[in-house]
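The values are calculated or read from the model by the stated rules, or taken from the named source; none is laboratory data. Everything numeric in this text was worked out from a predicted model, so none of it was measured. Heads up, the Cβs are rebuilt from the backbone with ideal geometry, glycines too, and the neighbour counts pull from every protein chain shown. Accessible surface is based on the protein model in full, side chains and every heavy atom, while ligands, DNA and RNA are left aside. Shrake-Rupley method; radii C 1.70, N 1.55, O 1.52, S 1.80 Å.
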Amino acid sequence: VICSPITMHQKQAKHFSINTKVVMDILCTILSRLLSPTHLATLGQYSVFVGGEVPTVGDPVEAESAMPLSIAALSVVDVLIESSYLDHNAISNQGAFLEDDSAGFGLAEEDVARVCALIVGAISSCEESSAARNMSPNDERAAVLSCALTRMLAFSEEASYSVISQNSTPSSILDMYANAVVYLFSLSTHPVFNSHERYKNAHDAKGGAIAVAARSGLSSLFGHLKSTEHQDSVGELFCSNVFTLETISSAVAKLVHLITCKDNDVTYLLQQIALFADGVQLLAKSSITSKLLEFAMVYAQEEQHFLSSNIGTNGARQLEPPSLLVGHLSLINALLSSPLVSSDRVALAVDSIQLLKVYCSTFERLLLSYPSNDNLMVKFIESLTLAYTVLKRESAGSNALGNILLSVDDSLLSLENNVLRIAYQLSAFPFPSHMLPPLPMELIDVEKIHTSQLKNIRVNLGNESTWWDNINPETSSSEGGLSLPSPPAGSTSDRYGIDPIWSERKYQYAISSAKCLEMSILFLISRVHFLAERESSTFCIDAVAIAKGICRCSDASMAIEGRLSVISRPEIDMTKMFDSSNVMDVSRSDQPPLSHVLRLERECLLQLGSALGRCAEKLMCLALQEVRRMATRSLSSNISKTQSVHEWAYFIGAMTPALEHTEMETKGVGCAFSGETAEGSKLTAQALRQEVDRVKTLIK
């Protein structure tokens with residue numbers, strides 16, 4: 001009865017808390033049987049169940065019974081969590097009574113802390129009881145319990161609970177947590193592969209499964225402690241003590257080595273370790289960047305061999321990036337974002353750039369196939385941005401650090417140019433070309449004049465292909481989700497539903513591309529510092545491309561804000577609006593409620609509008625950085641006056657119509673419905689206008 005789903009009826013709702021308590025008591029009883037005598041004495045207060053009785057256990061449970069009990073504990077944890085979810089709206093609609101209307105969960109914080117302590121005690125007991133009997137540890141049992149711990153900590157995160165507190169958690173229980181962490185680390189060092197065939201035998205495969213479970217528990221615990229550190233410093237202190245243990249240091253070194261063994265799972269745990277200062281030091285001590293670079297070099301050699309083969313000459317574009325690269329880049333980003341001393345941070349940034357240079361051809365293929373692997377693209381650009389930002393900050397007053405990015409080789413130049421290309425493409429086409437309003441004629445004329453001056457190159461400015469063309473229509477249609485009105489693409493678009501096949505999936509593409517664009521612009525801004533220090537102009541930001549992006553992103557953001565203001569008015573007849581956009585199909589039996597479609601559209605518009613608004617502001621900031629850099633370059637004796645005047649004319653000719661078209665100096669840009677202010681963009685646009693006007697007077 002307890003392990004079956006609890007069905008809520010009006011008469012039963014008032015007894016719901018009793019059912020949850022019964023499940024809780026059963027779980028605590030099971031976990032108590034899995035405790036060693038030492039841990040049972042420590043956790044006696046957590047083992048109290050019905051009637052206030054403390055269970056007494058003589059000898060530890062037999063190994064034959066311990067594994068079934070552990071599996072039962074995991075199952076009951078799932079039942080307990082299911083029973084704890086209280087849907088206020090559903091229960092209120094049934095007239096049920098809730099004792100705590102603000103809680104939302106049937107389990108209190110102290111209940112969750114109690115269960116987690118018992119699970120951790122049971123994990124720690126595996127090693128303690130085995131050592132006492134001179135037997136090998138019950139690794140499978142600990143792995144199952146680690147899964148139960150992961151489930152409870154995930155629930156704790158959702159409920160915003162803290163399972164460890166400096167004021168309420170005794171030191172004896174913290175010691176027990178530390179012992180369990182040490183044990184799980186010892187289980188996590190077995191290699192984990194993405195296919196069963198890569199394991200030598202069944203024993204190795206079992207070790208991999210156990211390692212996955214152990215890593216899950218450790219990752220969940222470290223993530224939970226980090227998320228609650230603003231409330232309590234016990235997590236930082238706990239991890240600081242744990243990471244200084246020699247057994248943990250040895251285990252982490254083994255985990256880092258698994259990077260070169262193509263372990264598909266290890267990087268996430270390493271990312272969680274990097275959340276803490278002492279964890280980062282431990283990873284640095286284990287030469288983590290060297291292992292990442294070692295893997296990259298091996299992959300690059302294999303890639304080069306493949307591309308030089310007969311098969312590779314025809315399959316370069318279809319060559320998939322390494323499956324481990326997302327995890328490796330996520331780990332690099334976690335390390336670059338972590339608290340490090342200056343010297344370590346610089347060393348990490350330099351190593352990261354060397355690593356990314358190895359993957360430069362992979363990055364170029366990502367660009368050509370975008371939006372395939374769009375998440376990997378964002379991770380890659382984020383790594384570049386973080387590394388450049390670190391070196392920019394640390395190079396102040398240090399010529400040695402600044403010189404690291406002044407010597408540009410082909411690989412580094414390829415990386416930089418590819419970020420430029422993706423930024424130009426995404427900013428010019430936030431939507432399919434047929435949805436976009438026309439650009440200012442003055443801006444188009446500047447582009448035409450510039451291309452007409454090219455003597456040996458012919459440019460076709462019409463029918464430009466875009467990244468939207470890379471989307472497979474069949475895939476987009478089959479996985480499109482709900483049909484939605486297409487978003488307004490610009491200030492001249494005064495009607496909605498202009499794309500009859502717009503869908504939830506297309507919104508996801510547009511939002512993802514806006515996030516990728518924002519990260520690309522951040523990189524370009526951080527790059528300007530080093531561009532200004534280079535003797536030759538090996539890195540050029542195109543003023544027309546920037547101006548196009550400013551117009552496109554600003555137009556779309558402001559139009560989306562207008563759309564949000566319309567659908568947020570209660571007096572608007574939304575049925576007529578959706579009918580006119582071909583979204584509501586009354587002939588479909590599975591047609592979702594209008595309120596659901598409206599809510600989904602509003603959520604998508606909020607995400608997209610705010611992201612495009614930030615992109616417009618950052619593009620304006622990039623233009624401001626460029627105009628100041630160009631002013632510095634104009635003072636250099638190495639640049640002729642004719643060349644300088646030509647550059648200024650091109651820049652001013654592009655930026656002036658963009659400023660006038662967007663009116664950002666007075667209106668700003670930003671999605672007010674998401675709580676963002678337009679003041680920052682106003683100030684940036686005003687500063688850009690002042691620089692443009694000042695230069696106009698200088699070149700006359």
Checked LEU184, LEU153 against criteria (of a type outside the set (Lys, Arg) and touching a Gly at 6+ places or on another chain (Cβ under 6 Å)); the one match is LEU184
### Message
Regarding region 270-278, can at least one residue be identified that is polar (S, T, N, Q) and buried (at least 20 other Cβ atoms within 10 Å of the Cβ)?
### Response
yes
Expected output for region 437-450 (first residue within 16 Å of SER427 (Cα to Cα), partner surrounded by fewer than 18 Cβ atoms within 10 Å (Cβ to Cβ) and charged (D, E, K, R), Cβ below 8 Å, 6+ apart or cross-chain) is PRO440/GLU660
Residues of region 20-36 being open to solvent by 60 Å² or more (accessible area, probe 1.4 Å) and either modelled with pLDDT of 85 or more or touching a helix residue (DSSP H, G or I) at 6+ places or on another chain (Cβ under 7 Å) (or both), in sequence order, are ILE26, ARG33
The residue from HIS224, HIS230 that alone is over 24 Å from ALA349 (Cβ atoms) and surrounded by fewer than 21 Cβ atoms within 10 Å (Cβ to Cβ) is HIS230
- request: Confirm whether MET584 is touching a Phe, Trp or Tyr at 6+ places or on another chain (Cβ under 9 Å), at pLDDT below 60, open to solvent by 10 Å² or more (accessible area, probe 1.4 Å) and among the hydrophobic types (A, V, I, L, M, F, W, C).
  value: yes
| query | Quick check: anything in region 140-151 more than 19 Å from LEU269 (Cβ to Cβ) and of a type in the set (Gly, Ala, Ser)? | reply | no
Within region 436-460, of all residues that are modelled with pLDDT under 90 and buried (at least 19 other Cβ atoms within 10 Å of the Cβ), the one farthest from ILE381 (Cα to Cα) is VAL446
Checked region 68-86 for anything surrounded by fewer than 16 Cβ atoms within 10 Å (Cβ to Cβ) and either at pLDDT below 90 or in contact with a Gly (Cβ under 8 Å, 6 or more places away or on another chain) (or both); matches are GLU82, TYR85
Counted residues in region 390-411 being part of a helix (DSSP H, G or I) and at pLDDT 60 or above come to 10
Scanning region 661-677 residue by residue, those at pLDDT 80 or above and either touching a helix residue (DSSP H, G or I) at 6+ places or on another chain (Cβ under 8 Å) or among the β-branched types (Val, Ile, Thr) (or both) turn out to be HIS661, THR662, MET664, GLU665, THR666, LYS667, GLY668, VAL669
Going through region 178-212 in order, the residues found to be aromatic (Phe, Trp, Tyr) and either closer than 14 Å to ASP139 by Cβ or outside any loop (DSSP other than H, G, I, E, B) (or both) are TYR183, PHE185
Checked region 183-205 for anything β-branched (Val, Ile, Thr) and open to solvent by 30 Å² or more (accessible area, probe 1.4 Å); matches are THR189
The residue that is surrounded by the most Cβ atoms within 10 Å (Cβ to Cβ), considering only those in region 535-579 that are among the β-branched types (Val, Ile, Thr) and at pLDDT 85 or above, is ILE550
Those residues of region 38-58 that are open to solvent by 70 Å² or more (accessible area, probe 1.4 Å) and either at pLDDT 60 or above or touching a Phe, Trp or Tyr at 6+ places or on another chain (Cβ under 8 Å) (or both) come to a total of 3
By residue number, the members of region 364-375 that are in a helix (DSSP H, G or I) and either within 18 Å of GLU303 (Cα to Cα) or more than 17 Å from the chain's Cα centre (by Cα) (or both) are GLU364, ARG365, LEU366, LEU367, LEU368, SER369
Next item on the list: May I ask you to verify whether LEU482 is modelled with pLDDT under 90 and surrounded by fewer than 17 Cβ atoms within 10 Å (Cβ to Cβ)?
Entry: yes
| said: Please determine whether any residue of region 284-307 is open to solvent by less than 10 Å² (accessible area, probe 1.4 Å) and in a loop (DSSP other than H, G, I, E, B). | reply: no
Taking region 324-357 and keeping only residues that are β-branched (Val, Ile, Thr) and buried (at least 18 other Cβ atoms within 10 Å of the Cβ), one is left with ILE332, VAL346, ILE353
(1) surrounded by fewer than 20 Cβ atoms within 10 Å (Cβ to Cβ); (2) in a helix (DSSP H, G or I); (3) modelled with pLDDT under 90 all hold for ILE639 apart from (2)
Picked from region 166-182 (must be open to solvent by less than 30 Å² (accessible area, probe 1.4 Å) and among the small types (Gly, Ala, Ser)), the residue farthest from ALA122 (Cα to Cα) is ALA178
